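Worksheet: one structure, shown below.
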Amino acid sequence: MSLNLSKHLYVKDKIVIGGSLTALLYAYSNSLPVIFTEPREPFIFDKFNSNFDFSFLGLEKGIEYRKDLIWQRILFLLSLDGKVPLSDKTNFIRIQDNILKVITEYNRVIKIKFNKLYIFDDNNLRGLPRIINTINKKNIVYDWLNIRKGGNIKLDYIYNNSDFINEVFFFYSERTGNNVYKDAVVVSYLEDKEINNFDFSDTIVRMNIEKLLISEGFSKINKIEAAEREIIQRKIRIYDNDERFEFRYDTSEEIITNFSPPSGYLSNLARHL
């Protein structure tokens, strides 16, 4: 006989909502469970300044750690401690009074009674208070490019003083499986109206990267292909006050600056990694 989880009511005093690095850091620091509908692993080339101390994760000081690796490490530690009860199986979350109804794969419903939610990500979250304001920050756009011919590039990075094609990272191609030929990813900051404008499309990105490489002294690149475009929306919604919720808008750097390492099992786990 299968267990009908929809009739069971779990009880958690405080819960963190969100799959970002800031959400995981907050959950780790306060030894709280975390639930998310979408894991938001940081961009692979985003790094912390070497001044940030990650010894609380069992890591050496004075190193520029990639944010995605810190995200993976904290998620792993929280999972070992049972603080990620639903893993990445959550489709959306509905709030009714002080009951969190989590809809998982195959439309199963998990009910959790809570007193306080710390909300870092409101996507796929229903039952929130009225929105009183929206702050529209430019979207982050990642254009991943395959360099099919001319990938023997010595550059690692190009900075362009423009929101469109702001940064270009060159990395050894996973398609070729060697340390000779590179592909690229381009970072832009675009308004909503620019996303669907051909002048800011991946085609124009590709053409501009060819020109950039030529200006850097490389021979004409004959074949660059647009592989994938990722769009990270950064709208911030401000909600009416409600004592059940605390909406958090911290950056990961702000969280770490005010960080208090947890005690007990989580701390012991980090020391033994």
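Readers should treat all values here as calculations from the given coordinates under stated rules, not as data from a laboratory. Quick caveat, the model's predicted, so the values are computed rather than measured. Heads up, the Cβs are rebuilt from the backbone with ideal geometry, glycines too, and the neighbour counts pull from every protein chain shown.
Rounded to the nearest Hz, the phi-derived 3J(HN,Hα) couplings of region 111-125 under the Karplus curve 6.51 cos²θ - 1.76 cosθ + 1.60 (θ = phi - 60°) are 9, 10, 8, 9, 10, 8, 10, 9, 9, 9, 9, 9, 5, 6, 10, where x marks glycine and proline.
Dividing the radius of gyration of the alpha carbons in region 155-208 by their Kirkwood radius gives 1.05 for Rg/Rh. If you line up the long axis of helix 202-215 against the longest principal axis of the chain, both from Cα atoms, how many degrees apart are they, to the nearest 10? Roughly 50 degrees between the two axes. Over all Cα atoms in region 122-213, the spread is summed up by Rg and Dmax: 17.1, 54 Å. Charges were assigned to the Cβ only: +1 to each Lys and Arg, -1 to each Asp and Glu. The resulting dipole of the chain about its Cα centre is roughly 780 debye.
Positive contributions from Lys and Arg (+1) and negative ones from Asp and Glu (-1), summed over other residues with Cβ under 15 Å from the Cβ of Leu69, come out at 0.
The trypsin sites (Lys or Arg not before Pro) found in region 207-268 that occupy coil by DSSP, while having at most 10 further C-beta atoms within 10 Å, are Lys220.
Our analysis of the chain gives Rg over Rh at 1.02, with the two radii drawn from alpha carbon positions and Rh computed by the Kirkwood formula. Relative to the longest principal axis of the C-alpha atoms of the chain, give the angle of the C-alpha long axis of helix 21-30, reported between 0 and 90° and rounded to the nearest 10°. Roughly 30 degrees, rounded to the nearest 10. Among the GluC sites (Glu not before Pro) within region 188-266, those in coil by DSSP and having at most 10 neighbouring Cβ atoms inside 10 Å are Glu243.
Step through the table entries Lys116/Lys193; Lys89/Lys111; Lys12/Lys89; Lys47/Lys137; Lys67/Lys235, compare each Cα-Cα distance with 25 Å, and write down the pairs that go over it.
Checking Cα-Cα distances, Lys116/Lys193 exceed 25 Å.
For a straight C-alpha distance cut-off of 18 angstrom, the lysines reachable from Lys223 (same-chain residues fewer than eight places away being disregarded) are Lys149, Lys154, Lys182, Lys211. Restriction of the GluC sites (Glu not before Pro) in region 55-140 to DSSP coil positions whose beta-carbon has at most 15 other beta-carbons within 10 angstrom yields Glu60, Glu64. Compactness of region 156-273, taken as the C-alpha radius of gyration over 2.2 N^0.38 Å, stands at 1.56. Working from label points 7 Å from Cα in the Cα-to-Cβ sense, the Gln96 to Arg148 distance is 5.4 nm.
Over all directions, the projected convex hull of the C-alpha atoms in region 36-140 averages 9.1 nm² in area.
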